[in-house]
1. Conditions: (1) over 22 Å from THR272 (Cβ atoms); (2) in contact (Cβ under 8 Å) with a residue 12 or more places away in the chain; (3) in a helix (DSSP H, G or I). PHE142 meets all but one. Number of the miss?
2. Could you tell me whether segment 275-287 includes any residue that is of a type in the set (A, V, I, L, M, F, W, C) and over 25 Å from SER167 (Cα atoms)?
3. In the set ILE424, ILE444, ILE459, which member is in contact with a strand residue (DSSP E or B) (Cβ under 8 Å, 6 or more places away or on another chain) and over 21 Å from ASN175 (Cα atoms)?
4. Identify, from the list SER77, SER64, SER6, SER89, the residue that is among the small types (Gly, Ala, Ser), assigned to a helix (DSSP H, G or I) and modelled with pLDDT of 95 or more.
5. Could you grab me the full set of residues in segment 384-409 that are β-branched (Val, Ile, Thr) and either without any contact (Cβ under 8 Å) to a residue 60 or more places away in the chain or part of a helix (DSSP H, G or I) (or both)?
6. Within segment 28-52, which residues are open to solvent by less than 80 Å² (accessible area, probe 1.4 Å) and out of contact with any Lys or Arg (no Cβ under 8 Å at 6 or more places or on another chain)?
7. Within segment 288-311, which residues are without any contact (Cβ under 8 Å) to a residue 12 or more places away in the chain and either surrounded by 20 or more Cβ atoms within 10 Å (Cβ to Cβ) or of a type in the set (Asp, Glu) (or both)?
Amino acid sequence: MKRNQSIIKIGFFLLMVFPLAVLAQQAKFKLPAYEKFKLANGLTIYLMEQHEVPTINIAAVIPSGAVLDADQKGLASLTAKALQFGTKSYTKAQIEEQMDFIGASYNTYAGKELAGLSAKFAAKHQDKVLPIINELLTAPSFNEQEFTKEKQRILTQLERAKESPRSVIGNYWDNFMYGNHPYGNPVSGSVSSVQNLSVTDVKNFYNKNYGPNGAAIAIVGDFKAKEMKAKISKLFGKWNNSVNATAISSTIESPKEARVLLVNKSDARETTMLIGGKGVSRNNPDFVAIEVVNTVLGGRFTSWLNDELRVNSGLTYGANSRFSTLKNSGTFYISTFTATTTTKATVDKALEVLKKLQEKGLDEATLQSAKNYVKGQFPPDYETPAQLASLLTDMFWYDFNEDFINSFENKVDGLTVEKSKEIIQKYFSANDLQFLFVGNAAEIKNVVSAYGKLTEKQIKEDSF
């Protein structure tokens, strides 16, 4: 019995000490050393040595996202994908064969603001892979046959997308919140807009918007920085397509009244919804504090929203909240879904939780729990070379430095109950909320119209 009691005491001691040891380790987390330099053509390069695993990860960003689509929605996304259709020295098949043979992976994509490339490969194959990566970005051939096949694939996806409200509600939200501002452009475009795109459009978009100035490449992994600097400078120093960056207005009008956008899907048996308003840009000085507070509201499984809407009331299988950030703006929203018949109950319960946050704020125990959660999630977000490469390009685009990483724990720990109240009042406002519902309008129109000025759309319409 005494032996068992001793084992229990030791186990209890370890359970108490281990979390403290983990937190102590987290507190020491700093961004690993890196080198940053700029080539004569304007391309910014980040190099970070990580020798634990014999691999190399690359992340590249070019300011050529959907904000530049103008009236050709989906063009930026299709152009980014078309980088893979062959280059001046390699066909698409040759690239795929060579990369597959050595176990390398790569991808090209476009988002709202940026186009990008990611790649991972064994360090010993860098001299095979780097020239291919270079040509994907600097010398694509835009094979017309490959373009036609990809365009058809995208059109098929777009035609099916609106069958699932959750797959398109983000596009409706961005258009609802940003209106005619380029931030309202749907990255994937629409059926009609993509249908009209040609390979000539892609070539023109590339020539106009893809260049070294304003772009950045981050390389993280098992290499010697001096040697890698020489290789990258030689390869990418020849990229001479200097472009004039298109200015995107940072002036975005905020809604001045509560509004409701109802997207009718007549066969829907549930209502999918977003409730929110204006958010913050990625480099907002209160970003860390906002993350901590949002953790309580809807940023984790045990959040207030999920507890009230899922666990306690059974109105939904899940509810959350988030801040979607961009370089010059952002939005905040509560996201959930429910059966058509419980639409009003779900909205009212979500508003009740938001009101509770506004009126009561956070007590010390709740705030400390959120702090521990955020700090526990923090290091794993930047553990792998791929994550670190992505972080470096984020730092470049969103204009923040390593202080965000190195002072993160201190900023979390420094958030007091009083400061959290200020954050709540400033960024979690319940005034002039915006409501987006995708569901059966015949069943829910009278219900949702009570929350603000109503606009109705049909999901079968081509646009968002």
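The values are calculated or read from the model by the stated rules, or taken from the named source; none is laboratory data. Note that the structure is predicted; figures quoted are calculated from it, not measured. Positions of Cβ are generated from backbone atoms using ideal geometry, with glycine treated the same way; all protein chains shown enter the neighbour counts. Quick note on the areas: whole protein, heavy atoms, side chains included, nothing else; ligands and nucleic acids left out. Shrake-Rupley method; radii C 1.70, N 1.55, O 1.52, S 1.80 Å.
1. Checking PHE142 against (1) over 22 Å from THR272 (Cβ atoms); (2) in contact (Cβ under 8 Å) with a residue 12 or more places away in the chain; (3) in a helix (DSSP H, G or I), the one that fails is (3).
2. Looking for residues that are of a type in the set (A, V, I, L, M, F, W, C) and over 25 Å from SER167 (Cα atoms), one finds at least one in segment 275-287, hence yes.
3. When all the criteria are applied, what remains is ILE444.
4. SER77
5. If we filter segment 384-409 for residues that are β-branched (Val, Ile, Thr), which is where we start, we get 384, 393, 405.
Once the filter is applied, which keeps residues that are β-branched (Val, Ile, Thr) and either without any contact (Cβ under 8 Å) to a residue 60 or more places away in the chain or part of a helix (DSSP H, G or I) (or both), segment 384-409 yields THR393, ILE405.
6. PHE29, LEU31, PRO32, TYR34, LEU39, ASN41, GLY42, LEU43, MET48, GLN50
7. ASP307
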